[in-house]
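*Asks:* This is the structure I have questions about; it appears just below.
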Amino acid sequence: LDCLRGRLNAEKGTIQVSGIENYLEEISRANRIIIIACGTSWHAGLVAEYIIEETCRIPVEVEYASEFRYRNPIVHNGDMIIAISQSGETADTIVAIEKAKEQGAIIMGIVNVVGSSISRISQTGAYTHSGPEIGVASTKAFTGQLAALMLVAFKIARHRQTITEERFKELCSELALVPGKVEKILEQNESIKKIAESLKDSSDALFLGRGYNFPIALEGALKLKEISYIHAEGYPAAEMKHGPIALVDENLPVIFVATKDVYHEKIVSNMQEIKARKGQVIAVINEGDLVTPAIADSVITIPEADEIIAPILNVIPLQLLSYHIGIARGCNVDMPRNLAKSVTV
Ligand code: F1P
């Protein structure tokens, strides 16, 4: 969040993302953006896809670097690649970048570690400035990536005039409010810990979200897998009825990322469907939402935000939940088994 504090002058509606200034014109003319990344960074890429398409109206594809490097992807001269990586050293991402670069793509790196390999092979980009990650699993790197990607998207959208000056300023002001709202979420630490206590013996968990919150559901599931070794899956809430609903019984916790958006009523009805099958519902919602104790077993309330900005806030309780579940299960949350900080082979 320091990334936000330092770069945003909400009152004047200005953004400092100096790394992209010289390429702003070229990026704005891109016919297509391909985002490549691995793990948590890939989830940040999915959020960025939704935001860039909505605000900049440029088509976006999001690819796992670990797949992109081994297939024969079509990259056109002038396509824009956004490579996202906390470490800046992930081998799959580096090889994927090189492959795209050979075919004439412009590379934008969104990395945390200054001077890392990916920052050196990128023509343009933004550092997330999230500071060193103490644990292996990305947490603040993820929120930093989202913040940097939002800043970049809003700046491009303003340049392309796909958002009005007024909307640009509104989004900047909303971003400036994020650090204070995160502090409010952290005040719920004790109640999140209690929810974690009730989930610690689960063998599986399902995370559901719609729109901007779908990638956050995926990230919630990944965090739980990484640091507590509970099998978890993330799905778009509307996909539930196309398969995962078969898993629902009294032993399955279902975590809904359900802050306000245009489809809020639909996700509340998804919760009712889970409750009707005796699933345990944990709902991440805004204050004053439609969710009652009859629908959700536990709620975590998030301060309201523009739905484009909300993913930065909504991931925080999920990270915290996984952390407390991991601790309650006696796991080493900083050094999960089998994981490496940067996967360089
Ligand atoms: C990607 C990543 C992380 C994950 C773990 C292994 O790294 O998958 O998201 O938490 O550390 O690597 P990076 O390219 O973002 O550094």
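The values are calculated or read from the model by the stated rules, or taken from the named source; none is laboratory data. This is a predicted model, so every value here is computed, not measured. A quick note on method: Cβ atoms are made from the backbone with ideal geometry, for glycine too, and the neighbour counts reach across all protein chains shown.
*Asks:* So which helices (runs of 4 or more DSSP H) stay within the stretch 23-118 end to end and still have 2 or more residues that are without any contact (Cβ under 8 Å) to a residue 12 or more places away in the chain? Quick ask: steps written out before the conclusion?
*Replies:* Working: elements: 24-29, 39-56, 65-68, 91-102.
The helices (runs of 4 or more DSSP H) meeting that bar number zero.
This table checks each residue for (1) small (Gly, Ala, Ser); (2) in contact with a strand residue (DSSP E or B) (Cβ under 7 Å, 6 or more places away or on another chain).
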| residue | (1), (2) |
| --- | --- |
| Glu183 | no, no |
| Ser203 | yes, yes |
| Leu208 | no, yes |
| Ala237 | yes, yes |
| Val268 | no, no |
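*Asks:* Confirm whether Ala83 is farther than 23 Å from Glu21 by Cα and buried (at least 23 other Cβ atoms within 10 Å of the Cβ).
*Replies:* Working: farther than 23 Å from Glu21 by Cα: no; buried (at least 23 other Cβ atoms within 10 Å of the Cβ): yes.
Here the answer is no, as Ala83 does not meet what is asked.
*Asks:* Okay, next question. For the stretch 93-143: of the residues being under 17 Å from the mean Cα position of the chain (by Cα) and of a type in the set (D, E, K, R), which is nearest to the ligand (Cβ to nearest atom)?
*Replies:* Glu133
*Asks:* Next question, about the same structure. Does Ile230 fit the bill of being buried (at least 21 other Cβ atoms within 10 Å of the Cβ), modelled with pLDDT of 90 or more, within 24 Å of Ala48 (Cα to Cα) and of a type outside the set (S, T, N, Q)?
*Replies:* Numbers: buried (at least 21 other Cβ atoms within 10 Å of the Cβ): yes; modelled with pLDDT of 90 or more: yes; within 24 Å of Ala48 (Cα to Cα): no; of a type outside the set (S, T, N, Q): yes.
So Ile230 does not fit the description; no.
*Asks:* Still on this model: Return the only residue of Thr301, Thr292 being part of a strand (DSSP E or B), of a type in the set (S, T, N, Q) and more than 21 Å from Val333 (Cβ to Cβ).
*Replies:* Details: Thr292 fails: part of a strand (DSSP E or B).
Result of the check over Thr301, Thr292: Thr301.
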